[in-house]
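Take a look at the structure set out below.
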Amino acid sequence: MQKIIEGKKYDTETATLIATYEYSNLRDFNYCLEELYQTKKGPYFIYGEGGPLSKYAEEIGNNTTSGSCTMYLVNEEEAKEFAIANLDAEDFEEIFGEVEEG
């Protein structure tokens, strides 16, 4: 998918996929897929899609929703939070660098 955001093109085909979150399956109205990407120039973005009862639901009429998809920018902190929630520690450190031991 390609989308122009703030005057710049973002493309899931040319960006690097970092982490993925998926809930349920396409037949479920609550289905949700989110993928964190980083472009070659550095910015992060999320591609998200979901069913008519997901956070990606789109109103199409009176009390009627449909599933949809979108892309939006996230800053580095938001990208790290998404990655922490959806990657194991080793993969996270491979991408974002070593984290101090607790």
Three-way shape call for segment 1-61 based on the alpha-carbon gyration tensor, with the a/c threshold at 1.5: oblate
Probe 1.4 Å, all protein chains present, accessible-area order of Leu53, Leu36, Leu26, largest first: Leu26, Leu53, Leu36
Span from the segment 63-102 Cα centroid across to the segment 1-54 one, whole angstrom: 11 Å
Carbon/sulfur fraction of accessible area - the chain, other protein chains in place, 1.4 Å, %: 45 percent
Radius 12 Å from Cβ of Leu73, net charge of other residues (Lys, Arg +1; Asp, Glu -1): -1
FRET efficiency, 1/(1 + (r/R0)^6) with R0 25 Å, evaluated for Glu100 and Thr70 via beta carbons: 0.10
Net charge dipole size for the chain [Lys, Arg +1 and Asp, Glu -1 on Cβ; Debye, nearest 20]: 760 debye
Fraction of alpha-carbon pairs over 13 Å apart in segment 38-87 - percent: 65 percent
The chain: proportion of alpha-carbon pairs further apart than 25 angstrom, %: 28 percent
Helix 76-86 axis, angle to the chain major axis (alpha carbon atoms, nearest 10°): 80 degrees
Mean separation of Cα contacts under 8 Å, 6 or more apart, over the residue count of the chain: relative contact order %: 20 percent
Given 14 as the ceiling on other Cβ atoms within 10 Å, longest exposed-site-free region of the chain for trypsin sites (Lys or Arg not before Pro) in DSSP loops: 56-102
Approximate spin-label separation Thr14-Asn62, in nm, with each point projected 7 Å along Cα-to-Cβ: 4.6 nm
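The values are calculated or read from the model by the stated rules, or taken from the named source; none is laboratory data. Computed from a predicted structure; not experimentally measured. For neighbour counting, all protein chains shown are included, and Cβ atoms are generated from backbone atoms with ideal geometry for every residue, glycine included. When the accessible area is computed, the model is the full protein with side chains, heavy atoms only, and any ligands, DNA or RNA have been set aside. Shrake-Rupley method; radii C 1.70, N 1.55, O 1.52, S 1.80 Å.
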